[in-house]
């Protein structure tokens with residue numbers, strides 16, 4: 001069964017509650033179209049500011065902080081509003097995407113590639129993301145599968161770097177690294 005791109009807007013039950021604001025990433029989850037994609041896109045400027053001003057490790061710390069706060073907020077949302085993993089909860093996209101972006105350069109090119117890859121892995125949920133999505137419930141389940149979806153592109157990136165190093169083929173990687181803003185390293 002194919003999901004509709006547009007969904008019915010649910011009137012916010014508790015928009016003045018901290019858990020609602022966090023779980024919906026300040027209302028992005030209320031978008032009638034592609035709420036997860038909207039939240040992922042809205043999270044990009046925050047990630048850039050954190051990474052550019054404080055470094056990649058600060059973005060990793062922020063991703064895990066959002067994970068734990070999102071776990072709490074998602075539990076509260078589920079307790080008050082209900083559902084298994086409602087489309088309105090989008091804080092999980094923020095945490096997963098930030099985890100991925102921390103491994104990339106803080107450039108618009110890297111962020112574009114990271115955004116696209118994260119959305120693909122989050123939507124298609126390859127193994128074990130799909131297992132986590134099905135077997136882990138509550139706020140932890142809402143958050144955990146997106147963290148896994150954020151790790152997949154990082155692993156692919158590391159495999160490409162490792163293969164390039166092992167094959168001594170820096171010339172193959174040079175255009176990719178330059179496009180992503182990392183410069184050429186010997």
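Every read-out reported here was derived from the displayed coordinates using simple, explicitly stated rules and does not represent laboratory data. Here the structure is a predicted model, which is why all the values come from computation and not from measurement. Virtual Cβ from ideal backbone geometry, glycine too; neighbours counted across all protein chains shown.
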Q. For the range 1-143, rounded, prolate or oblate, judged on the Cα gyration tensor with a ≥ b ≥ c (square roots of eigenvalues), a/c < 1.5 rounded, else prolate if a/b > b/c?
A. prolate
(Q) What distance in nm separates the two pseudo spin-label positions at residue 53 and residue 33, each 7 Å out from Cα along the beta-carbon direction? (A) 3.2 nm
Q. How far is the Cα center of the range 141-157 from the Cα center of the range 37-101, in Å?
A. 12 Å
Q. Using a Förster distance of 41 Å, how high is the FRET efficiency between residue 136 and residue 16, based on the Cβ-Cβ distance and rounded to 0.05?
A. 0.90
Q) Between residue 156 and residue 41, 0.36 nm times their residue separation minus their Cα-Cα distance comes to what? A) 39.2 nm
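For a quick protection proxy, order the peptides 82-89, 19-26 by their average other-Cβ count within 10 Å, most packed first.
Numbers: 82-89: 16.9, 19-26: 22.2.
Put in order of decreasing packing, that is 19-26, 82-89.
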